[in-house]
Amino acid sequence: MIRGLLLALAMLAAALPARAEEMTFFVMNRAPYGVVIEFSDVASGKVWPGGERIYLLEKGESKSVAIDCTGGARICYGAWRNGDDRTVWGVGPDRDLECRDCCHICALGPGKGETIEIEP
């Protein structure tokens, strides 16, 4: 009886969708010009802020960006010089570049996050 109940609970948990998490990125633009940045879920293709919008950071500006993502999702950033998509960081504007340290797993929580420094 208990084994059957445990099996039923395990199957129910597997059928439930992954839990939504809130992940915060602290972005600092140390470049001598404005940059734009967006975030994307590698597997699902979801993009933040989405809808042909981007986050703009003026020269020297810092910004905190909170996103709702699926727990365990791999979230990457792509950044580029405002008006010049040949000067890039992370996965770039088309989200097709290889990068080191530009992706993070969505598993944090409110008040916690990852820091991104855009450097020239």
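Tabulated results
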| quantity | calculated |
| --- | --- |
| Selected residue (criterion: surrounded by the most Cβ atoms within 10 Å (Cβ to Cβ)) from residues of segment 2-47 that are over 17 Å from residue 107 (Cα atoms), modelled with pLDDT of 95 or more and of a type in the set (Gly, Ala, Ser) | 31 |
| Selection status of residue 60, assigned to a strand (DSSP E or B), modelled with pLDDT of 95 or more and within 21 Å of residue 113 (Cβ to Cβ) | no |
| Residue list for segment 63-90, filter: over 14 Å from residue 48 (Cα atoms) and either in a loop (DSSP other than H, G, I, E, B) or basic (Lys, Arg) (or both) | 63, 71, 72, 81, 82, 83, 86 |
| First in segment 109-120 and charged (D, E, K, R) and part of a strand (DSSP E or B), second anywhere and at pLDDT 90 or above and open to solvent by 80 Å² or more (accessible area, probe 1.4 Å), Cβ under 7 Å, 6 or more apart | 117/30 |
| Inter-residue pairs, beta-carbon under 8 Å, first closer than 13 Å to residue 25 by Cα and in segment 86-107, second assigned to a loop (DSSP other than H, G, I, E, B) and aliphatic (A, V, I, L, M), 6+ apart | 102/91; 103/42; 103/91; 105/73; 106/73 |
| Index of the failed condition, residue 88 passing every other in (1) open to solvent by less than 60 Å² (accessible area, probe 1.4 Å); (2) under 15 Å from the mean Cα position of the chain (by Cα) | (2) |
| Subset of segment 91-106 (residues that are exposed (fewer than 14 other Cβ atoms within 10 Å of the Cβ) and either touching a strand residue (DSSP E or B) at 6+ places or on another chain (Cβ under 6 Å) or in a strand (DSSP E or B) (or both)) | none |
| Considering residues of segment 48-85 that are among the acidic types (Asp, Glu) and more than 19 Å from residue 23 (Cβ to Cβ) only, the residue least open to solvent (accessible area, probe 1.4 Å) | 84 |
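The values are calculated or read from the model by the stated rules, or taken from the named source; none is laboratory data. Quick caveat, the model's predicted, so the values are computed rather than measured. Using ideal geometry, Cβ is built from the backbone for each residue, glycine included, and neighbour counts are taken over all protein chains shown. Heavy atoms of the whole protein, side chains included, go into the accessibility calculation; ligands, DNA and RNA do not. Shrake-Rupley method; radii C 1.70, N 1.55, O 1.52, S 1.80 Å.
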